[in-house]
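Every read-out reported here was derived from the displayed coordinates using simple, explicitly stated rules and does not represent laboratory data. The shown structure was predicted, so the numbers you read here are calculated from the model rather than taken from an experiment. For neighbour counting, all protein chains shown are included, and Cβ atoms are generated from backbone atoms with ideal geometry for every residue, glycine included.
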Amino acid sequence: MSRLDTSKYCVGREEKRKDRFRLRDVKTDDDGGLEKDAGKAAFERAHARLIELQQLFYADGRFALCVVFQAMDTGGKDGTIRDVFGGVNPAGCRVTSFKAPNDVELRHDFLWRIHQHTPRLGHFAVFNRSHYEDVLVARVKKLVPSERWKPRFEHINTFERMLFDEGTRIVKFLLHISRDYQRERLLRRLHDPAKQWKFDPQDVAERARWDDYQQAYEEVLNRCSTAAAPWYVVPAEHHWFRNLLVTQVLVETIESLPLAYPKPSFDPSRIVID
């Protein structure tokens, strides 16, 4: 089976696009033309390859990988991280969930708390939400005036370019769902005692801002998908397809690097172990 064409889900760089990218042009229930069983089998192969590559990535130690996940509520960030990074060596991978900034973080620039969690060389860092909250939530809920959040697009691009130049490869995923799908997921949480702990009444108020968030996400995608840090829009309503697409993009990203196991500083043939 040939690999999924991941390039069709990548938001092109602003200077290369003829037209503005529009979220509504991406079907939230897209399955890439694959049957479910074939897609799940392809994910298992890609996942095994990711685990294999992480060992090489860790041993090589010249690059770092930062993986960003953003989504509307119920978009599946937790499930994607669990499914894609399950089995990866935790010694070389750290997941950080960025909640609302605390008092200390609010007294620093908006990137201060992010930079502390970027990966060291040889490691993966996975962001459940990220610095993009400061041009999404901050914008939609008017937490800061427009003269504060508007310059942040350029600050983010410069920050990500600096990380890239220092060896960090950045891949960003928007898990794309529909408003109807979100309603279904919220109702499931609300009526299932085993899932009610995940329900936040504030999610209903956020849902009322759906169109504002879609507009904000579109600007993020149009202004911050770069050669150094591309955005991928992942149709996320079929979990098996979501997992496959994310995993394959990560595999392709790592495979594009000139990785090699370090040569030993000794002659193995001269070592004798009794």
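The table below gives the values:
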{"quantity": "FRET E, pair Ala228, Ile271, Förster distance 41 Å, beta-carbon r, rounded to 0.05", "calculated": "0.45"}
{"quantity": "Table column - 3J(HN,Hα) (Hz), the stretch 88-96, Karplus curve with 6.51, -1.76, 1.60, x for Gly and Pro", "calculated": "6, 4, x, 5, x, 8, 10, 9, 10"}
{"quantity": "Long-range HN-HN contacts of His117 with modeled amide H, under 5 Å", "calculated": "none"}
{"quantity": "Histogram of C-alpha separations across the stretch 59-131, 10 Å bin width, %", "calculated": "18, 46, 31, 6"}
{"quantity": "Most positive-pole-ward Cα, Val95, Phe110, Ala38, against dipole of the chain from beta carbon charges", "calculated": "Phe110"}
{"quantity": "Neighbour-count ranking [beta-carbon atoms within 10 angstrom, fewest first] of Leu65, Leu56, Leu50, Leu245", "calculated": "Leu56, Leu50, Leu65, Leu245"}
{"quantity": "Residue-averaged [θ]222 nm for the chain, counting only DSSP H segments that reach four residues, each worth -39500 (n - 2.57)", "calculated": "-12500 deg cm²/dmol"}
{"quantity": "Amide H contacts under 5 Å for Cys93, placed H, 5+ residues apart", "calculated": "Phe124"}
{"quantity": "³J(HN,Hα) computed for each position of the stretch 35-49 - Karplus, 6.51 cos²θ - 1.76 cosθ + 1.60, integer Hz, glycine/proline x", "calculated": "7, 4, 5, 5, x, 5, 5, 5, 4, 4, 5, 5, 5, 4, 5"}
{"quantity": "Placed amide H near Arg169: partners under 5 Å, 5+ positions off or other chain", "calculated": "Ala64, Leu65, Cys66"}
{"quantity": "DSSP-defined beta bridges in the stretch 6-254 - what % are antiparallel, rounded to 5", "calculated": "10 percent"}
{"quantity": "Under Karplus coefficients 6.51, -1.76 and 1.60, residue-wise ³J(HN,Hα) of the stretch 167-184 in Hz, glycine/proline x", "calculated": "x, 8, 9, 10, 10, 10, 10, 9, 7, 9, 10, 8, 5, 5, 5, 4, 4, 4"}
{"quantity": "Dipole moment magnitude, nearest 20 debye, the chain about Cα centre, only Lys, Arg, Asp, Glu C-beta charged", "calculated": "360 debye"}
{"quantity": "In the stretch 13-77, lysine pairs with alpha-carbon atoms under 23 angstrom apart (chain gap of 8 or more, or interchain)", "calculated": "7"}
{"quantity": "Segment Leu111-Lys150, extension gain: residue separation times 0.36 nm, minus the distance between their alpha carbons", "calculated": "12.6 nm"}
{"quantity": "Modelled FRET efficiency - R0 41 Å, Ala260 with Lys27, Cβ distances, 0.05 increments", "calculated": "0.55"}
{"quantity": "Per-q log10 I(q)/I(0), the stretch 6-254, q = 0.09, 0.12, 0.13, 0.14 Å⁻¹ (Debye; single scatterer per alpha-carbon; no solvent)", "calculated": "-0.39, -0.71, -0.85, -1.00"}
